[in-house]
Amino acid sequence: MNFSAWSYVRYLNQRGLNDEYTDSFGREFDIDKRNDFQVSKVNLTFSGWLFDPAFRWMFYTWTSNTSQGESAQVVVAGNMKYQFNDYVDVGLGIDALPGTRSMSGTFPRFHKVDSRAMADEFFRPSYTTGIWSAGKITDRSQYKLMLGNNLSQLGVNANRLDDELNTWSGRVDWMPTTGEFGPQRGFDDWEMHEDVATLFGIAATRSKEDRQSQPGEEDINNSQIRLSDGTRIFEPGAFNTNGRINRATYEMLAMDAGMKYKGFSLMGEYYWRWVSDFEIDGDIPVDELYDHGFQIQTSYMFMPKYLQGYVAGSKIYGEYGDPWDTAVGINWFPLRERLFRVNSELVYMKDSAVGYSSIPYAVGGDGVAFHTNVEMKF
């Protein structure tokens, strides 16, 4: 049996954001700005195999201390897998829907500490319970295909789920030059590749979502379908009418590419999202939504395995606004070990379309936020 732990302490200062924002319908909302320290997450994982090394199990506790008192502040979860061969590895339990690069097993090997660029956070699916298969296609390509309960189940009890079981997500990755992209295909080049490593990925996700099956705003790693001004589409009066969406179909396509070489990394990802097939009470002014956007991230190891700098940015082209963000940050590895780092980041957001307490963004945020994180994993 193996045991691992991951956690970080964050100082977050959002005092550089505006005090309030106005959505695309002219409604004004206050922004609850933060300036605090938090032991933001603690993840304790137990894993191993039983009877046969092909049959593996993993169970974990996952806490979100910024949302203490909420329904999913603590999650106890896990999954079981059986590998038939290199091409078919079947899993059952809770796992990530692989709809974007950051949801494809790269966590927590991000440039940022436990946060994503705004567009990634806006478009992505999340974690759910389901069944999946993953494995090789060729020596330089691999896939994952998952059938799950909904886009984001953490914090949603079984009685709130519909009975259709129609959430699908699939991804294919191709690594043509070296056949690998580092451990977990992470974002940076900690490994200092001597040969150019490249990765190309494509992912598609589809889910029929129900108003009752949505996670709370503060549930762990929640994924909410929002308008590009940050309004949640299942809220009563979301479109400033007497209408309310009860059901909707979410479809999203994402394509990404990345490269790594001698401490330098570059990645980009583009998203297309359609929300349609509305079932409503009352009236709303649209019968479908279409949004698209992108993110770009780059980093360089100025001192190998010691000091890294990165720049990240993203933009959403939406029907209800075109928000964007950009961030600069540093990662310091004082012990020259990947498992311990100090991260500082300055992020500028314009009309943020996302926000909840475990990320540095605030819905409607316009201005600068700063955060410093001390992260450990073993």
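Descriptive notes on the structure:
- Filtering segment 299-316 to residues that are out of contact with any Gly (no Cβ under 9 Å at 6 or more places or on another chain) and under 17 Å from VAL347 (Cα atoms) leaves only GLY313.
- Across segment 178-200, the qualifying residues are those that are part of a strand (DSSP E or B) and not β-branched (Val, Ile, Thr), and the one among them that is surrounded by the fewest Cβ atoms within 10 Å (Cβ to Cβ) is PHE200.
- Only residues that are hydrophobic (A, V, I, L, M, F, W, C), outside any strand (DSSP E or B) and out of contact with any strand residue (DSSP E or B) (no Cβ under 6 Å at 6 or more places or on another chain) were counted in segment 298-352, giving 1.
- Consider segment 322-358 and keep the residues that are crowded, with 17+ Cβ neighbours inside 10 Å and of a type in the set (Asp, Glu). The one that is farthest from HIS292 (Cα to Cα) is GLU345.
- Taking the numbered list (1) assigned to a loop (DSSP other than H, G, I, E, B); (2) out of contact with any Ser or Thr (no Cβ under 7 Å at 6 or more places or on another chain); (3) modelled with pLDDT of 95 or more; (4) within 30 Å of ASP139 (Cα to Cα) in turn, GLY99 passes all entries but (2).
- Taking segment 116-144 as the range and being part of a loop (DSSP other than H, G, I, E, B) and buried (at least 24 other Cβ atoms within 10 Å of the Cβ) as the test, the residues that pass are ARG116, ALA117, ARG124, PRO125.
- Odd one out for GLY282 among (1) modelled with pLDDT under 95; (2) within 19 Å of TRP168 (Cα to Cα); (3) not charged (D, E, K, R): (2)
- Among residues of segment 217-271, those that are within 28 Å of TRP174 (Cα to Cα), touching a Phe, Trp or Tyr at 6+ places or on another chain (Cβ under 8 Å), of a type outside the set (Phe, Trp, Tyr) and modelled with pLDDT of 95 or more, counted: 14
- Candidate set: segment 152-171, residues that are polar (S, T, N, Q) and not in a loop (DSSP other than H, G, I, E, B); chosen: the one farthest from ARG206 (Cα to Cα): ASN159
- Index of the failed condition, SER169 passing every other in (1) surrounded by 18 or more Cβ atoms within 10 Å (Cβ to Cβ); (2) polar (S, T, N, Q); (3) modelled with pLDDT under 95: (3)
- Within segment 89-111, one or more residues are of a type in the set (A, V, I, L, M) and either loosely packed, with under 14 Cβ neighbours inside 10 Å or more than 16 Å from the chain's Cα centre (by Cα) (or both).
- Residue tally, condition among the polar types (S, T, N, Q), modelled with pLDDT under 85 and buried (at least 19 other Cβ atoms within 10 Å of the Cβ), over segment 65-88: 2
- Filter result for TYR8 (buried (at least 17 other Cβ atoms within 10 Å of the Cβ), farther than 30 Å from LEU199 by Cβ, among the aromatic types (Phe, Trp, Tyr) and in contact (Cβ under 8 Å) with a residue 24 or more places away in the chain): no
- When residues of segment 250-287 are limited to those that are in contact with a Gly (Cβ under 7 Å, 6 or more places away or on another chain) and not in a strand (DSSP E or B), the one farthest from TYR317 (Cα to Cα): GLY282
- Condition met for VAL42 (part of a strand (DSSP E or B), at pLDDT 95 or above and surrounded by 14 or more Cβ atoms within 10 Å (Cβ to Cβ)): no
- Pairs where the first residue, in segment 326-340, is free of Cβ contacts under 8 Å to residues at least 60 places away in the same chain and within 12 Å of VAL374 (Cα to Cα) and the second is of a type in the set (Lys, Arg) and in a loop (DSSP other than H, G, I, E, B), C-beta under 9 Å, 6+ apart: PHE333/LYS305
- Residue match in segment 117-139 (condition: basic (Lys, Arg) and touching a Pro at 6+ places or on another chain (Cβ under 9 Å)): no
- Looking across segment 304-344, just one residue is touching a helix residue (DSSP H, G or I) at 6+ places or on another chain (Cβ under 6 Å) and small (Gly, Ala, Ser), and that is SER314.
- Among residues that are more than 24 Å from the chain's Cα centre (by Cα), surrounded by fewer than 17 Cβ atoms within 10 Å (Cβ to Cβ) and not in a strand (DSSP E or B), GLY48 is not included.
The values are calculated or read from the model by the stated rules, or taken from the named source; none is laboratory data. Everything numeric in this text was worked out from a predicted model, so none of it was measured. A quick note on method: Cβ atoms are made from the backbone with ideal geometry, for glycine too, and the neighbour counts reach across all protein chains shown.
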